[in-house]
1. Can you find even one residue in the stretch 81-98 that is at pLDDT 80 or above and not in a loop (DSSP other than H, G, I, E, B)?
2. Residue 8 passes all but one of (1) surrounded by 10 or more Cβ atoms within 10 Å (Cβ to Cβ); (2) modelled with pLDDT under 80; which number fails?
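The values are calculated or read from the model by the stated rules, or taken from the named source; none is laboratory data. Note that this is a predicted model, so its numbers are computed, not measured. Every residue, glycine among them, receives a Cβ derived from its backbone with ideal geometry; neighbour counts consider all protein chains shown.
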């Protein structure tokens with residue numbers, strides 16, 4: 001049994017063994033390039049650069065999702081006002097309505 005397996009493996013290796021011309025030879029080591037570091041390019045600061053920092057306490061912390069319901073109500077009132085339906089606030093976009 002063991003001899004049969006060895007013969008089968010020998011036949012398979014002879015059948016599927018790579019040819020000598022397709023084998024990769026001994027690879028030479030990759031060349032190492034020693035480059036001198038290039039001098040850095042000095043860039044002028046952009047137009048929005050300032051020396052002062054923003055004060056977070058000076059502005060109220062309002063998130064956009066807080067104002068969406070109010071904005072939706074104003075838009076709905078404006079849309080209904082185009083059809084002559086008077087609903088919502090009396091002042092829309094700073095203009096007195098009704």
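1. Among the residues of the stretch 81-98, at least one is at pLDDT 80 or above and not in a loop (DSSP other than H, G, I, E, B), which makes the answer yes.
2. Failing condition for residue 8: (2).
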